[in-house]
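Let me begin by presenting the structure, written as structure tokens, before commenting on it.
The values are calculated or read from the model by the stated rules, or taken from the named source; none is laboratory data. What you see is a predicted model; the values in this text were computed from it and never measured. Here the Cβ positions follow ideal geometry from the backbone for every residue, glycine too, while neighbour counts run over all protein chains shown.
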Amino acid sequence: MDISSFIYTLFSEYGIFTFLAPFLLVFSLLYGSLRKIGLFGRDSPNKEKLYAIISIVITFYYLYDISAVIFTSNFISFFFFEILVIFFILMIIALMAGISEPYEGDEEFQKYKQSSHNVIVGLITLAILFAFLYASSVNFSGFGEAAQNIILEIIVILISSGLLPIIVIVGILIGVLYWLFHKPGPQKKKVKGKYLFIAPAEALYEIPENLKKK
Amino acid sequence: MITNIGPLSQQITSIQVNFNQILSQYGIIDVVLPFLLIFSLVFMLLELSNLLKTSPNDVVGRKLSALFAFGFALLSLYNQNLIKWLVSFIPNATIVILVFFLLAITLALTNKKVPGVLRAFFAFLIVGIILWLTINSLSITGSSTKSPLTYYLLAEINSLMQSGILSSLITVVTIFIFLILVIMWVISSGEKKEEEEGEIKGPLLVRSR
């Protein structure tokens, strides 16, 4: 047995993975959060002790359910991997930012950039969802199979019941009717294709710059 | 095919094997390196966000951040898949960093900064490459064997094809869509011409005549 397997077995046998690590994780999170929020005040040291007791009790309840611990392990490991991917992206983007000059746009471009920034933040928060999906499905082939079956089932029902051609024809008819009877309102501003390409990229370049300022 | 490997390449191969053996034998690849990476990244993020600190100089908060990162790193190691992902992803991502660094060096020769559009292209290229590497290292695929539903779907499509319903339906829908597109194109080009004619061009004095 090589040393890495020995360490892994030793850690598993002595409850490092199932007791110590999850305890540290959850306890520090709960205690730190309670201290920071100061839900029952921060005026006396006794309250800090109470926060510690509350955190320990909740942590032990959490540790009592081993499946929750395994779920957490899968969840945080995948989440870390996503963080690592974002870290690599930001690192290379920061490198490229040094040798390129930012696009100086007008006010409209700044609006596009702000919207793109919001979209990027939204996409980054999706990392949590992906990690949760991974932890729920445990392996990707299982997750892929389940997703495949759902899509195929919908297609099969649509074809076998004869709904698919009806939906297509009704959709086309609705489109035609809308096009015929739609009254054009006040002229909307034209979307600039160039901005749609450059603004998200500029928002990406801004993320490492903002991080540096912190 | 080269059969005669020179002594230098043999030496390099043996050194590499020994180095790799040492790395994996003593748990450096499986335990030490991932632990250090996870701990440092998570601790850095917590310090950056000040999530567990009541004030910037809060010592207890910093210790709690360190404890959280320690627990996070240990618990992450419990999932052995993570080690596989890291081993597969990090070397490739490092090569990408190297490629872009060399590109930066080459562009520095021109003594001019990259303009906005090209800069945007590079950003998308970086994101695309890294995401592609991620998917490769995670090997996100469906099942290799066909599910019963796939067979059912294929059989359904086959029977429809043989009976000629599907092909006739597709033909009708395609013709229908084509006709609509032609009508829309004809009408919209007329509208554009009208707009162009209605547009004010040239100096005001000339047009007022």
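Quick look at the values:
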| item | result |
| --- | --- |
| Residue that is surrounded by the most Cβ atoms within 10 Å (Cβ to Cβ) [pool: residues in the range B:90-105 that are at the interface with chain A (Cβ under 7 Å from one of its Cβ atoms) and without any contact (Cβ under 8 Å) to a residue 24 or more places away in the chain] | B:ALA104 |
| Verdict on A:GLU48 being surrounded by fewer than 13 Cβ atoms within 10 Å (Cβ to Cβ) and of a type outside the set (A, V, I, L, M) | no |
| Qualifying positions in the range A:46-63 - more than 18 Å from A:PHE19 (Cβ to Cβ) and of a type in the set (S, T, N, Q) | A:ASN46 |
| In the range B:65-89, residue farthest from B:ASN136 (Cα to Cα) [restricted to those that are more than 7 Å from chain A (Cβ to nearest Cβ) and hydroxyl-bearing (Ser, Thr, Tyr)] | B:SER65 |
| Residue satisfying all of: in the range B:31-64; assigned to a loop (DSSP other than H, G, I, E, B) and buried (at least 18 other Cβ atoms within 10 Å of the Cβ); nearest to the other protein chains (Cβ to nearest Cβ) among these | B:LEU52 |
| Options A:LEU95, A:LEU126, A:LEU90, A:LEU63; residue that is within 30 Å of B:LEU86 (Cβ to Cβ), modelled with pLDDT of 85 or more and surrounded by fewer than 15 Cβ atoms within 10 Å (Cβ to Cβ) | A:LEU126 |
| Residue in the range A:75-91 that is more than 7 Å from chain B (Cβ to nearest Cβ), of a type in the set (Phe, Trp, Tyr) and touching a residue at least 60 places away in the same chain (Cβ under 8 Å) present | yes |
